[in-house]
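Read the figures in this text as sums done on the coordinates, not as results from a lab. All values derive from a computational prediction rather than experimental measurement. Positions of Cβ are generated from backbone atoms using ideal geometry, with glycine treated the same way; all protein chains shown enter the neighbour counts.
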């Protein structure tokens, strides 16, 4: 039996811009996890997938030629789509490499939401996908490096959501704080369709860049949950119009933020977080997406009241917001927490999951 876990994520800055290939975002991994466990199966014909997602799902799969197909139900449940996509991509790689495919049972468990099943917006789909790829990598002794595991998880992700930036996939793969630029997913999908998984692992991915950043020492990251889950794909799908000005300003802002984090400049880091929030507010005003909900506005106002830099994390519309404040100000941190609770915002006790492994 083999178990692998992958951390959740928070966007620090660059959401919405990073959806466009080559644009920059900063993310951090957090200590809430998805875990995938693989064990050898006695059934000589089937692969069984199980999960605690959506109240519990089991899917029996068989092979039709080189393809993996569900046999217990011809339709893959939506909550199980990323698990099935990840297993399918790894299965296709095994076929291409001529690796004997042993029957197995895969079980997935996610700890990225509330007890009642509501998601916090910590990238559960990405964490699940990354954990599945990592577990199958070990089970079949593929000896993949971090970049290969990211690419396989990303191939699975864009099979379900072609517009996904993959920032959450990257930070769930490597951990820590990351500067990330998204690849051209259309070109990646073309390589996969034309040449296969192995070729997609080896080909250049235009636009892609992954670089670890130091965890800011002087600042503490406070996280508040609005209590309202949001759909990132739904919000991103509604984007339209000319966003060239937003993209240019976001790029400049996030580049300055990366420099501030690299140099340990806490004041400049907070300044750029505030600018990133202002850019999101402007995008929301122009697009009418509903990024800034009343509770996210209250979360940011509470941060400003105590001298913290605060903004939504991710697509907005609910989910989480963040605030960065100096560690040396415990009274202000306590006041921020009290203001959030009074506004109906639940503080989440999250810490950074550290960077691990190689990158290239």
Original post:
Picking from 314, 113, 166, which is most flexible by a Gaussian network model of the chain using Cα springs under 10 Å?
Top reply: 113
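To the nearest 500 deg cm²/dmol, what mean residue ellipticity at 222 nm is calculated for the chain from DSSP H runs of n ≥ 4 alone, each contributing -39,500 (n - 2.57), summed and divided by the residues? Let's see the in-between values first.
Values: 11 runs with 146 residues, N = 360.
Taken over the chain, the calculation gives -13000 deg cm²/dmol.
I need to check one value: relative contact order of the range 219-348, counting alpha carbon pairs closer than 8 Å and at least 6 residues apart, in percent. Display every interim value, and only then the final one.
Working: 196 pairs, mean separation 50.7, N = 130.
Dividing the mean separation by the residue count of the range 219-348 yields 39 percent.
State whether the range 261-325 is rounded, prolate or oblate according to the following rule on the C-alpha gyration tensor (a ≥ b ≥ c being the square roots of its eigenvalues): a/c under 1.5 gives rounded; otherwise a/b larger than b/c gives prolate, and the remaining case gives oblate. Please report the intermediate quantities before stating the final value.
Details: a/c = 2.25, a/b = 1.63, b/c = 1.38.
Note, shape of the range 261-325 comes out prolate.
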Original post:
Once you put a point 7 Å from the Cα of residue 297 and another 7 Å from the Cα of residue 217, both along the Cβ direction, what distance in nm separates them?
Top reply: 4.0 nm
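If the range 113-157 were replaced by its equivalent ellipsoid, with semi-axes equal to the square roots of 5 times the Cα gyration tensor eigenvalues, what would those be, largest first, whole Å?
On the way: eigenvalues 124, 26, 9 Å².
In descending order the semi-axes read 25, 11, 7 Å.
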Original post:
Shape call for the range 126-191 from the C-alpha gyration tensor, a ≥ b ≥ c root eigenvalues: rounded (a/c under 1.5), prolate (a/b greater than b/c) or oblate?
Top reply: oblate
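Starting from the Kirkwood Rh over alpha-carbon pairs, what translational D in µm² s⁻¹ does the range 8-114 have by Stokes-Einstein at 4 °C and 1.567 mPa s?
81 µm²/s
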Subject >> Residue among 159, 308, 127 with the largest mean-square fluctuation in a Gaussian network model of the chain, springs linking Cα atoms under 10 Å >> reply: 159
Original post:
What is the calculated FRET efficiency for residue 286 to residue 42, with r their C-beta to C-beta distance and R₀ = 41 Å, to the nearest 0.05?
Top reply: 0.10
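Can you give the alpha-carbon Rg of the range 219-348 over 2.2 N^0.38 Å, where N counts its residues?
Numbers: Rg = 14.7 Å, N = 130, 2.2 N^0.38 = 14.0 Å.
Cα Rg divided by the expected 2.2 N^0.38 Å: 1.05.
Contact order normalised by length for the chain, with contacts defined as Cα pairs under 8 Å and 6 or more residues apart; what percent is it?
Details: 772 pairs, mean separation 78.6, N = 360.
In percent, rounded to a whole number, it is 22.
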Subject >> Distance in nm between pseudo-label sites at residue 228 and residue 252 (7 Å out along the Cβ direction from Cα) >> reply: 3.2 nm
**OP:** With N denoting the number of residues in the range 111-254, provide Rg(C-alpha) divided by 2.2 N^0.38 Å, to two decimal places.
**Re:** 1.15
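Under the rule a/c < 1.5 gives rounded, and otherwise a/b versus b/c splits prolate from oblate, where does the range 281-360 land using the Cα gyration tensor?
Oblate shape, in that a/c is at least 1.5 and b/c is the bigger or equal ratio.
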Original post:
Of 331, 170, 13, which is the most mobile in a GNM of the chain whose springs link Cα atoms less than 10 angstrom apart?
Top reply: 331
**OP:** Report, in degrees rounded to the nearest 10, the 0 to 90 angle that the Cα long axis of helix 124-139 makes with the longest principal axis of the chain.
**Re:** 40 degrees
Original post:
When only C-alpha pairs under 8 Å and at least 6 residues apart count, what is the relative contact order of the range 155-224, in percent?
Top reply: 35 percent
**OP:** Take the alpha carbon atoms of the range 236-269, find their center, do the same for the range 161-212, and report the distance between the two centers in whole angstrom.
**Re:** 20 Å
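Hey, fewest Cβ within 10 Å first, where do 1, 292 land in order? Intermediate results must be reported in sequence, preceding the final value.
Values: 1 10, 292 21.
Exposure proxy ranking, most exposed first: 1, 292.
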Subject >> On Cα atoms only, tilt of 185-195 relative to the major axis of the chain in degrees >> reply: 10 degrees
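How long are the semi-axes of the equivalent ellipsoid of the range 2-213, defined as square roots of 5 times the Cα gyration tensor eigenvalues? Whole Å, largest first. Could the numbers behind the result be given before it?
Numbers: eigenvalues 135, 85, 42 Å².
Semi-axes, largest first: 26, 21, 15 Å.
Calculate how many DSSP beta bridges within the chain are antiparallel, expressed in % of all such bridges and rounded to the nearest 5.
Working: 53 of 57 bridges.
If we restrict to bridges inside the chain, about 95 percent are antiparallel.
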